[in-house]
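Chemist: Before anything else, here's the structure in question.
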Amino acid sequence: MDEQPAAAAFAEKPTLIGEHALLRPFRLDEDVDVLRELLTDPEVSRFTAADPGLTPPPPWDEAAEQRMRAWYGSRADQSDRLDLAVVDRAAGRCVGEVVLNEWEPAHRSCNIRICLTAAGRDRGLGTEAMRLMAGHGFERLGLHRISLGVFSFNPRARRSYRKVGFVPEGVRRQAVWFGDHWADDELMAVLATEWEQHRGYPEGR
């Protein structure tokens, strides 16, 4: 394993290349339309914020535009997290983001999250992007544990995470009110020792 301290490695923003997906730092001028779509997509809000979409979202105004540009324009300056654009290699276009955040240096652990626009879904890009990012976390950043949360009404994501090697660890029962019913929040994680054995392919290639 590389001995470079995780703090220094987080400051580096790599390009990670897979068969169908490529992860790279954001290019704001090139990616801005996709990022705006991502932040206004009801399905993204549904699966990341448990928003059932019962009320219209606030209008996208100049203030929202400036907040988006300030946020994504500063991702390359962060030394305690890694935010990368997910690019569909066939189209050559950004389709979302994948992030390592909530870094706990004492425990060498991180959270991981991903969100994709409609153009990036149901094609295996998300699974490959998660595999690339988790691999970087373990093999380059020296992480011991990478975890995530997924709502019970998102079985597609759960299947994808399992393919990469994330293991269910527990359930926050009825953690969110989703429109007209309670939904669970499932915790999943993968450890460095597990990753070393399967490299993101627990069921084989």
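The values are calculated or read from the model by the stated rules, or taken from the named source; none is laboratory data. Nothing here was measured: the structure is a model prediction, and the numbers come from that model. Here the Cβ positions follow ideal geometry from the backbone for every residue, glycine too, while neighbour counts run over all protein chains shown. Note: areas computed on protein heavy atoms with side chains; ligands, DNA, RNA excluded. Shrake-Rupley method; radii C 1.70, N 1.55, O 1.52, S 1.80 Å.
Chemist: Where in the range 1-104 are there chymotrypsin sites (Phe, Trp or Tyr not before Pro) that are in a DSSP coil and have at most 16 other Cβ atoms within 10 angstrom of their Cβ?
Modeler: Within the range 1-104, the qualifying chymotrypsin sites (Phe, Trp or Tyr not before Pro) (loop, at most 16 other Cβ atoms within 10 Å) are 60.
Chemist: Moving to a separate point now. Cα centroids of the range 111-169 and the range 55-74: how far apart, whole angstrom?
Modeler: Cα centroid to Cα centroid, the span is 26 Å.
Chemist: On the accessible surface of the chain, probed at 1.4 Å, how many percent belong to carbon and sulfur atoms?
Modeler: C and S atoms contribute 50 percent here.
Chemist: Hey, another quick one. Dipole magnitude of the chain about its Cα centre, charges +1 at Lys/Arg Cβ and -1 at Asp/Glu Cβ only, in debye to the nearest 20?
Modeler: 520
Chemist: Another question about this same structure. Can you pull out the trypsin sites (Lys or Arg not before Pro) in the range 96-152 whose DSSP state is coil and whose Cβ has at most 15 other Cβ atoms within 10 Å?
Modeler: 121, 123
Chemist: Between residue 159 and residue 196, what is the label-point separation in nm under the 7 Å Cα-to-beta-carbon projection?
Modeler: 3.3
Chemist: Show me the GluC sites (Glu not before Pro) within the range 1-100 that DSSP assigns to loop and that have at most 15 other Cβ atoms within 10 Å of their Cβ.
Modeler: Here the sparse-neighbourhood loop sites are 3, 12, 19.
Chemist: Consider the candidate values [x] 26, 17, 16; [y] 26, 22, 17; [z] 29, 19, 15; state which one is semi-axes √(5λ) of the Cα gyration tensor in Å computed from the structure displayed.
Modeler: The calculated read-out lines up with [y].
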